[in-house]
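The values are calculated or read from the model by the stated rules, or taken from the named source; none is laboratory data. Note that the structure is predicted; figures quoted are calculated from it, not measured. We place every Cβ from the backbone using ideal geometry, glycine too, and count neighbours over all the protein chains shown. Remember, those area values only see protein heavy atoms, side chains included, never the ligands or the DNA or RNA. Shrake-Rupley method; radii C 1.70, N 1.55, O 1.52, S 1.80 Å.
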Amino acid sequence: MMYVKLSLILLLSSLGAAYAQDGKAIFEKNCLACHTINGGKKVGPDLVNITKKRSLDWLARFITNSTEFIASGDKDANKVFLENGKMPMPSHSFTPAELNALISYLNNPGGAGGGSVSGGTDVVPAFVPTYDVGRNLFTGEVPLTNGGPSCISCHSVKEDKVFFGGTLAKDLSVSYAPGIVQTMATSMPAMINAYKTHELTLTEKSNLELFLKVVKENQLFSRSRQYPSLLFLGGFIIFCGLVVISFVFWRNPRKKGVRSDIFARQKKVLQKD
């Protein structure tokens, strides 16, 4: 449990700098060709104050797959589509952490202007995922916003406060990888059917990913701590085995030495004489 707390402290202490740096880099690599921040319209709209105009999950859905979002009938998405010459924005396979970083950067880009982005480092994350919320979402103690089934319906994890789990799908204790929740939700048939009309929100994905990440790290750390104990136990077993072998082979030591036999023969000869 101490390792879990240490992981969370180290993670939270580095969030601000990571979101500032990563969000700026993501924007410059993927968005700057078509968008500005307070520099006017280019191919796409100016994104100044976009986080005040649109919700976090609206932005996440539009950035991830604008074509699908427009087709869903969302009025604001269709309005943006029409205002920009019916040109769909390319889809992006960002992880929840990358989306959080990008949206956090758009929320406070550091005074970008004229199509150039000056990197401010005082970026406050759009939201900070937490381990406890992730666990509660996994177990269903906190219901999912759009009514989807909880993870524990099918999956299990090895965690102190998770006492049972589903058996319909694999244990996720060491399955974490960046973007795992989104990947599973969009690539596994059962999950596609379950969440197609009950989509996970960005914050839910991020909280679940953090939970799975820490669970995996805790499992690996626990295993590494077991190695010295296993080594000691193995050495002790070998030692006990050698002691038993020694006892079996040497429990009946010779009662008489070689000299005793020689002395007995000499004594018999003397008695005959």
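Residues of the range 100-114 being outside any helix (DSSP H, G or I) and crowded, with 20+ Cβ neighbours inside 10 Å, which ones?
Going residue by residue through the range 100-114, those that are outside any helix (DSSP H, G or I) are 108-114.
Result: P109, A112.
Within the range 115-131, the set of residues being open to solvent by 30 Å² or more (accessible area, probe 1.4 Å), aliphatic (A, V, I, L, M) and at pLDDT below 80 comprises just one member, V124.
Given the condition among the aliphatic types (A, V, I, L, M), at pLDDT 90 or above, out of contact with any helix residue (DSSP H, G or I) (no Cβ under 8 Å at 6 or more places or on another chain) and outside any loop (DSSP other than H, G, I, E, B), answer yes or no: does some residue in the range 216-223 qualify? No - not one qualifying residue is present in the range 216-223. Scan G165, G148 and give me the residue that is buried (at least 16 other Cβ atoms within 10 Å of the Cβ), touching a strand residue (DSSP E or B) at 6+ places or on another chain (Cβ under 9 Å) and modelled with pLDDT under 95. Among G165, G148, only G165 is buried (at least 16 other Cβ atoms within 10 Å of the Cβ), touching a strand residue (DSSP E or B) at 6+ places or on another chain (Cβ under 9 Å) and modelled with pLDDT under 95.
Taking the range 181-215 as the region of interest, how many residues are among the β-branched types (V, I, T), open to solvent by less than 20 Å² (accessible area, probe 1.4 Å) and in a helix (DSSP H, G or I)? If you could, list the steps in order and put the result at the bottom.
Going residue by residue through the range 181-215, those that are among the β-branched types (V, I, T) are 181, 183, 186, 192, 197, 201, 203, 214-215.
From what is left, the residues that are open to solvent by less than 20 Å² (accessible area, probe 1.4 Å) are 181, 201, 214-215.
From what's left, in a helix (DSSP H, G or I): 181, 214-215.
Selection size over the range 181-215: 3.
Across the range 75-99, what is the total count of residues that are outside any helix (DSSP H, G or I), open to solvent by 60 Å² or more (accessible area, probe 1.4 Å) and closer than 27 Å to P125 by Cα? Reasoning before the result, please.
Let us first name the residues in the range 75-99 that are outside any helix (DSSP H, G or I), namely 84-95.
Narrowing the set further to residues that are open to solvent by 60 Å² or more (accessible area, probe 1.4 Å) leaves 85-88, 90-91, 93.
Of the ones still in play, those that are also closer than 27 Å to P125 by Cα are 90-91, 93.
Final tally of qualifying residues: 3.
Of all residues assigned to the range 44-55, none qualifies as being modelled with pLDDT under 90 and surrounded by fewer than 12 Cβ atoms within 10 Å (Cβ to Cβ). Report, by residue number, each residue of the range 56-74 that is open to solvent by 50 Å² or more (accessible area, probe 1.4 Å), part of a helix (DSSP H, G or I) and of a type in the set (G, A, S). Of everything in the range 56-74, just one residue is open to solvent by 50 Å² or more (accessible area, probe 1.4 Å), part of a helix (DSSP H, G or I) and of a type in the set (G, A, S), namely A71. In the set (1) open to solvent by less than 20 Å² (accessible area, probe 1.4 Å); (2) under 31 Å from the mean Cα position of the chain (by Cα); (3) of a type in the set (S, T, Y), T36 fails one condition alone, (2).
For the range 132-139, does any single residue satisfy the condition of being open to solvent by less than 70 Å² (accessible area, probe 1.4 Å), among the aliphatic types (A, V, I, L, M) and at pLDDT 95 or above? Yes, the range 132-139 contains a residue that is open to solvent by less than 70 Å² (accessible area, probe 1.4 Å), among the aliphatic types (A, V, I, L, M) and at pLDDT 95 or above.
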